[in-house]
Amino acid sequence: MPVPVAGRCSRGQGGGRIHPGAASTTAGPGSRARQTSLRLSAGEALIEGPLQGYHHETYAFPLPGAGGGAGSVRWKCREPRDGILWFDRRWFASEGALIRALAGRVTSVPEIMLVDGIGLQRFIEGTTLGAYGGPGSAVAERHLCQLERLFGELAAIGPGALRVESTGPGDAAVGDGDSAGFAAELLRFTEEQVRLAHLPRYGELFRALGVPEDGLTRLARRMRSLTARPFCLLHGDLHRENVVVDGHDRLWTIDWELAAFGDPLYDLATHLHLMRYPARQEAAVAQRWRDAVERARPGSSAGWREDLPRLLAYKRVQSVYTDVVRAGIGTGRGPLDLPTLCDTAYKLESVLGRAAAVLGMRRAPGVREIAAVLLRRRRTGGG
């Protein structure tokens with residue numbers, strides 16, 4: 001259905017990450033995850049899902065003999081979605097194998113159980129940390145203490161500590177502690193697998209939004225002098241929706257598909273970028289991270305005050321390239337209504353505004369400009 005020219009964008013939540021909506025909520029009745037859930041569950045009526053998620057199709061259900069009442073344990077069946085675009089490198093071949101390897105090392109990982117050769121994750125009954133407040137809001141002290149413990153536990157797991165199959169050679173050319181080399185690999189992946197890979201289809205959209213072509217090149221010069229820090233396990237995507245708060249106020253960390261070994265400061269930068277703490281609390285969280293990783297592995301925070309702004313700059317630039325592509329996908333196919341267009345425009349305004357100085361943009365476009373660009377692209381066949 002065409003989007004009317006008349007109409008006005010009203011500000012919603014805004015500022016979150018942009019995902020093509022259809023990929024995160026729909027699933028065919030004959031999908032592998034659905035069929036596996038039907039086979040293993042205590043009954044079709046007890047299956048909940050598909051649950052919200054971009055990379056995986058997920059269902060929750062009790063096992064046969066578990067009843068299905070309020071106190072019964074439920075398990076998750078997760079399968080990667082077909083046709084998903086990966087904007088971050090993947091290190092481990094199996095998220096389930098990684099989580100099993102973390103048992104006894106990381107206290108906040110859910111239990112894994114094999115049923116008929118299928119790895120099921122325990123479904124944590126509760127709400128995500130995002131239910132307590134979205135990006136920009138403060139996090140309670142009792143929850144910050146648990147996040148601090150998580151950072152310490154991750155810092156204690158160095159390369160080679162886990163016997164989990166990787167997706168390939170990984171960063172074999174980057175030695176343990178080569179933070180500058182690690183950052184160079186991040187930049188290379190974003191340049192080759194995100195920007196250049198999507199330039200033929202979305203290059204005009206980047207130009208219409210004023211995104212310079214040399215943004216990553218500018219940033220690369222700032223990354224060459226990063227301080228060496230011993231590598232450790234990184235979660236890679238630690239934000240409010242990937243932390244579940246159970247009925248006892250205990251935090252559980254989910255969605256480990258972007259986990260990798262690398263510079264511990266990168267995990268902090270990713271966390272701060274996605275959480276968007278209030279300024280005073282952000283400084284406190286960074287100090288908590290510093291204390292936690294130093295207790296676990298001395299030297300893990302070397303040079304962090306100088307290097308954190310550089311890694312945060314990378315996260316802002318990375319978000320521009322990934323979210324512009326996602327916006328192009330989400331507004332360029334299928335029905336499009338005014339609220340969806342406006343919500344996408346507000347999110348892009350935030351993403352572009354935060355990265356404008358790093359990218360060398362003269363100015364970041366406003367919501368109306370962005371909405372007009374997306375709509376014009378759709379109407380001219382660019383979508």
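Taking the stated definitions as given, is residue 250 touching a residue at least 12 places away in the same chain (Cβ under 8 Å), basic (Lys, Arg) and in contact with a Lys or Arg (Cβ under 8 Å, 6 or more places away or on another chain)? Considered against the rule, which asks whether it is touching a residue at least 12 places away in the same chain (Cβ under 8 Å), basic (Lys, Arg) and in contact with a Lys or Arg (Cβ under 8 Å, 6 or more places away or on another chain), residue 250 comes out as no.
Hey, does region 370-382 have a residue that's open to solvent by 20 Å² or more (accessible area, probe 1.4 Å), in contact (Cβ under 8 Å) with a residue 40 or more places away in the chain and among the small types (Gly, Ala, Ser)? Yes: one or more hits.
Of everything in region 126-143 that is among the aliphatic types (A, V, I, L, M) and more than 19 Å from the chain's Cα centre (by Cα), the residue that is nearest to residue 297 (Cα to Cα) is 140. Among the conditions (1) open to solvent by 40 Å² or more (accessible area, probe 1.4 Å); (2) at pLDDT below 95; (3) under 23 Å from residue 354 (Cβ atoms), the only one that residue 208 does not satisfy is (2). Residues that are buried (at least 17 other Cβ atoms within 10 Å of the Cβ) and not basic (Lys, Arg) within region 83-95 comprise 85, 87, 88, 91, 92, 95, listed in sequence order.
Would you check which residues across region 335-383 are out of contact with any helix residue (DSSP H, G or I) (no Cβ under 8 Å at 6 or more places or on another chain), over 24 Å from residue 276 (Cα atoms) and aliphatic (A, V, I, L, M) and list them? Within region 335-383, 338, 372 qualify.
Restrict the check to region 122-142 and report whether at least one residue is touching a Pro at 6+ places or on another chain (Cβ under 9 Å), under 16 Å from residue 234 (Cβ atoms) and not acidic (Asp, Glu). Scanning region 122-142 turns up no residue that is touching a Pro at 6+ places or on another chain (Cβ under 9 Å), under 16 Å from residue 234 (Cβ atoms) and not acidic (Asp, Glu). So, in region 323-358, of the ones that are open to solvent by 10 Å² or more (accessible area, probe 1.4 Å) and polar (S, T, N, Q), which residue ends up farthest from residue 88 (Cα to Cα)? For region 323-358, the residue satisfying everything is 340. Screening region 279-299 for residues that are without any contact (Cβ under 8 Å) to a residue 60 or more places away in the chain and open to solvent by less than 50 Å² (accessible area, probe 1.4 Å) and picking the one that is farthest from residue 135 (Cα to Cα) gives 294.
Of the strands (runs of 3 or more DSSP E) contained entirely in region 106-165, those carrying at least 3 residues that are touching a strand residue (DSSP E or B) at 6+ places or on another chain (Cβ under 7 Å) and either at pLDDT below 95 or open to solvent by 60 Å² or more (accessible area, probe 1.4 Å) (or both) fall at 118-122. A Cβ distance below 8 Å, combined with a sequence gap of six or more or placement on separate chains, defines the contacts here; from region 335-348, residues that are free of Cβ contacts under 8 Å to residues at least 60 places away in the same chain reach no residue that is open to solvent by less than 40 Å² (accessible area, probe 1.4 Å) and among the β-branched types (Val, Ile, Thr). If you go through region 268-278 and keep only what is at positive phi and either surrounded by 20 or more Cβ atoms within 10 Å (Cβ to Cβ) or of a type in the set (Asp, Glu) (or both), you end up with nothing. Of a type outside the set (Ser, Thr, Tyr), out of contact with any helix residue (DSSP H, G or I) (no Cβ under 6 Å at 6 or more places or on another chain) and crowded, with 18+ Cβ neighbours inside 10 Å: does that describe residue 200? So residue 200 fails the test.
The values are calculated or read from the model by the stated rules, or taken from the named source; none is laboratory data. Quick caveat, the model's predicted, so the values are computed rather than measured. Here Cβ is always computed from backbone atoms with ideal geometry, including for glycine, and neighbour counts include all displayed protein chains. For the accessible areas, the whole protein counts, side chains as well, though only heavy atoms, and no ligand, DNA or RNA atoms are used. Shrake-Rupley method; radii C 1.70, N 1.55, O 1.52, S 1.80 Å.
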